Every structure is written in structure tokens, then in C-alpha cells.
Amino acid sequence: MKKILITGGAGYIGSILVPKLLSKGYHVTVLDNLMFDQFTLTNCCGSNNFEFVKSDVRNEVSIKENITDKDIIIPLAALVGAPLCNANPSDTKTINRDASLMLNNFRDKNQLMIFPTTNSGYGVGEADKFCTEETPLNPISSYGKYKVEVEKEILDSKNGITLRLATVFGASPRMRMDLLVNDFTYQAFKNSSIVLFESHFKRNFIHVKDVCRAFIHAIENFESMKNQAYNVGLSSANLSKMDLCKKIKEFVPGFEIYESEHGEDPDKRDYVVSNDKIEATGYSPKYDLDYGIPELLKLYKLMKTYQHGNV
């Protein structure tokens, strides 16, 4: 039985990934400080293969105690999203950069690491030119810059895989409504309208369930994939913000979309991404926007409060 350490495993991605790994027979230890007061892993507590450690990923003693006997390390702990990172620059550096580098330094040569980078590292791409894993990285946020820095260290250290995740969407027990698809779908559900700034900006998207499938795929195909970076996104979803709203309108016909020439989006990312490399390894997403948008609309009907997110 392989043992996995997941930092930040009670977060948006981890809350779905951990149960899936347990169902596949892995022993999973989650280290999380529960900064959002979440209790998203309650369904895992009955498993003998599940361990939980409440600790901060920056706690060197705790990391050393919990990393020693693990076969695989998945560092999910991070402050995610430009608003949260901009509001907490010191914590962003110590959590997203320093703690991830510490994990990488503490692991031995036989311990595998699968690290979620971000395709926001591409920054602003050339118009209609797909960013591949060979495209020069040009991150424009502190979040992207730290992720890119850690990615390089992990790949140089060997026995690592990095997954350059597209913008994630979909329902999770630790919900994030500040993500683009989740947010726009909520605007359609709650307000029936939206005002877009710089509506031509493009982004690639991926469902949170497919992100978890990508981690499992990387574990199961580690030898053939190791020491490389892979874009992970929906090839059918390289969309502008306007394109995304029109897709949502298919499910919410009364959704009114307005554009404003005044004001600007603080998130300047604008790129399209090729996912051919990971698809060539046998991975392909299962959950597209036609699945994710109705899922989100059902979720929003169930939720009593809509204050779920990283800001």
C-alpha cells in the first residue's frame, strides 16, 4: 500500500481527491490548518487508511514528522487567487513558495512529488497561439511567479511531475465561488445579469473532478511521465469571458450579458493552451462545461449562504 502525504488536503481540490485516493486503496495523510474552518473530509474518517494532522504547512517539525514514511507527496497547500495573494503578500511567499520548497528539500530521492502549478504562468500569450509546455513562462502575479519558481526546483530535483492546471471549476465540499466559471454561473443564478470588463480575455478551464483524475493518472503513470510539466485543461474550453457567458446563457436563458468600456479586470491573464502533451499519455477530461454549469446551478439552489471562496 502506497502512502501519500497531501498538504492542504481539506481544500477545494483535496476534498475531492482524498476520498478518490482512499477508494483506490492508498493510505492518505492530510496536513491542513483548516484556515477556512472547513470540515470537508468527514466522510473519510471511517477509513483506517486516512490520517489527519492539523498543522500549518510552514511548521518544519510537523512536516519532518509526517514526510518520512511517505511514498508520494502532493503539495496542495497554497493561498490561491490574485485578491487573496495581494492581500497577504508575506503569507503568500511563505506558504506558496517557502513551504513548497521545504517539502521538496525534505523529501529523499525515492519519494515522488506531484505538484500543481498553474497555466497562469503563461501570463499574456500571443493572440490565437496555443501555449505549450515549451512556451516561455511569463507569470504576472505573485501567485504565478512563486508557482513557476517551485516548479523549476521540483523538476530539477528529479522524481517529480508538475501539472499546469487550467482555471478550475465545479462543485466541491470546500467550495470556491471566486473562480471564474463558478462566479459567472452564480451571477447568472442570483442576479440574471453580469457586466464584463475586457470580455475578450481568454482562459482555459478544467473541472475539479478532472484535476483529481489527472493527479491519479500521474501517480499511475509516474515512470513514463516523470520530470516533466503537463498542461491540464479542457481542449474544448479555451474561451473568452464573453464565450463563457454565452455558454452559461444556454442553461440560464434570461441571463443578460453587458460589456463596459470603463474599468478593467485586475486579472490580466489572456492565453489559450494546448493540452496535447498529457492527452498523448492516455489522459482525457470527462467533465465539460455542459456538465459543470448545471451542476453548479443545482448546488447554488442547495446552499444557504454564498460566502464561499478565498476572498
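The values are calculated or read from the model by the stated rules, or taken from the named source; none is laboratory data. The shown structure was predicted, so the numbers you read here are calculated from the model rather than taken from an experiment. Reconstructed Cβ throughout: ideal geometry from the backbone, glycine too, with neighbour counts over all protein chains shown.
Listed by position, the strands (runs of 3 or more DSSP E) contained in segment 30-121 that have at least 1 residues being in contact with a strand residue (DSSP E or B) (Cβ under 9 Å, 6 or more places away or on another chain) and surrounded by fewer than 18 Cβ atoms within 10 Å (Cβ to Cβ) are 50-54. Of all residues assigned to segment 258-265, none qualifies as being crowded, with 16+ Cβ neighbours inside 10 Å and not assigned by TED's automatic domain parsing to the domain that holds Gly123.
Which pairs do you get when a residue that is in a helix (DSSP H, G or I), found in segment 144-160, comes within reach of a residue that is among the small types (Gly, Ala, Ser), reach meaning Cβ atoms under 6 angstrom, with the pair 6+ apart or on two chains? Here the result reads Gly144/Ser120; Gly144/Gly121; Val148/Gly121; Val150/Ser100; Ile154/Gly160, each pair linking segment 144-160 to a residue that is among the small types (Gly, Ala, Ser). Selection within segment 136-157: residues that are among the small types (Gly, Ala, Ser) and farther than 18 Å from Lys109 by Cβ. The member of this set that is surrounded by the most Cβ atoms within 10 Å (Cβ to Cβ) is Gly144. For segment 211-234, the count of residues that are at pLDDT below 95 and in contact with a Leu (Cβ under 8 Å, 6 or more places away or on another chain) is zero. Residues of segment 9-22 that are of a type outside the set (Val, Ile, Thr), more than 11 Å from Glu51 (Cβ to Cβ), surrounded by 21 or more Cβ atoms within 10 Å (Cβ to Cβ) and touching a helix residue (DSSP H, G or I) at 6+ places or on another chain (Cβ under 6 Å): Leu17 alone.
Looking at segment 218-235, which of the residues that are out of contact with any helix residue (DSSP H, G or I) (no Cβ under 8 Å at 6 or more places or on another chain) and of a type outside the set (Val, Ile, Thr) is farthest from Glu261 (Cα to Cα)? That would be Glu223. Condition check: within 23 Å of Asp98 (Cα to Cα), touching a strand residue (DSSP E or B) at 6+ places or on another chain (Cβ under 7 Å) and of a type in the set (Asp, Glu). Does Glu133 satisfy that? No. Got a sec? Which of Lys241, Lys246, Lys277 is modelled with pLDDT of 95 or more, of a type in the set (D, E, K, R) and over 17 Å from Phe197 (Cα atoms)? Just a single option satisfies the conditions, and that option is Lys277. Given Ser192, Ser240, which one is farther than 27 Å from Ser142 by Cα and assigned by TED's automatic domain parsing to the domain that holds Leu297? The unique qualifying residue is Ser192.
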